[in-house]
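Notes to accompany the following structure.
Every read-out reported here was derived from the displayed coordinates using simple, explicitly stated rules and does not represent laboratory data. Please read all numbers here as calculations on a predicted model, not as lab measurements. When we count neighbours, we look across all protein chains shown, and the Cβ atoms used for this are built from the backbone with ideal geometry, even at glycine.
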Amino acid sequence: MSADFRAERNSNAGAVPKRVAFIKGRTAARVRKEDEDLVMTVPHLVMREAIAFMAMVVVLALLSLFFNAPLEWVANPEHTPNPAKAPWYFLGLQELLHYFPPIVAGVILPALAVIALIVIPYFHVNVKREGLWESSKRRNLIGVTAVAGSLSVLLFLYNVYAMLIPTLVVAGVMVVPAFVGRQGRVLQWLGSRPLSWWIMTWFVIVVVVLTAIGTLFRGPEWSWTWPWKEIY
């Protein structure tokens, strides 16, 4: 049985892999480049990181020209500042020490976070990145309500409102698509977010809030102080 061949003009070798090409002059036979789902780290990612790094350097240089660095006096071992604040990236943990016992805020909670980061990848958790409410809606709703409710009660008992309010807000926004459906672009986008996205969003918001409070709103004796109020 002979194959049915026909002559036609097509420059895309990927669409028509079996063909006879007539190359004239210096024309090269090649496959037209297409968008790929996966790209190499070099140069795609590295180039973008280098551009972002240079842009950040330019921004910091411009800020340094117009604003002075918020430095305090020269360090004096005979004078301890009040309050004695940790570096900004540790102020979230220092803020937790204001609410929880030291063993809880300084050891148990960070250890649980590290253990979770180690253990979670070994479980079959949302590998398909499907939306939280796309399957098992009733079971997921019960689980979210139980976890968010238990965590909220614990935070309320310790008066940790800096974590309680973000927890209630994120949990409330999370369950909206489960009750009102996914009509509309915003609700459809919220309903398509996986569980991992919601957990990471809650974590980032809590870290930002705790760090901002420790940086801007804590004065002598770690008391609440408005940043625009001058302290004598």
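Can you tell which of MET174, LEU117, HIS79 lies farthest toward the positive end of the dipole of the range 71-187, using +1 and -1 charges on the Cβ of basic and acidic side chains (Lys, Arg; Asp, Glu)?
Sorting the options by dipole projection puts first MET174.
Using amide H atoms built 1.01 Å from N in the peptide plane, name the residues 5+ places from ARG218, or on other chains, whose amide H lies under 5 Å from its own.
THR225
Please sort 37-43, 214-220 by packing, taking for each peptide the average over its residues of neighbouring beta carbons within 10 angstrom, highest first. All intermediate terms of the calculation are to be shown ahead of the outcome.
Details: 37-43: 7.7, 214-220: 15.4.
Highest-to-lowest ranking by the protection proxy: 214-220, 37-43.
So what's the range 136-187 giving for Rg/Rh, alpha carbon basis, Kirkwood Rh from the mean inverse pair distance? Each step should come with its number before you reach the end.
Details: Rg = 12.7 Å, Rh = 11.9 Å.
Checking Rg against Rh, the ratio lands at 1.06.
Just from the alpha-carbon atoms, what are the Rg and Dmax of the range 88-222 in angstroms?
Cα only, the range 88-222: 16.6, 51 Å (Rg, Dmax).
With +1 on each Lys and Arg Cβ and -1 on each Asp and Glu Cβ, how big is the dipole of the range 88-222 about its Cα centre, in debye rounded to the nearest 20?
On the way: 9 positive and 4 negative charges, 124 e Å.
Here the size comes out at about 600 debye.
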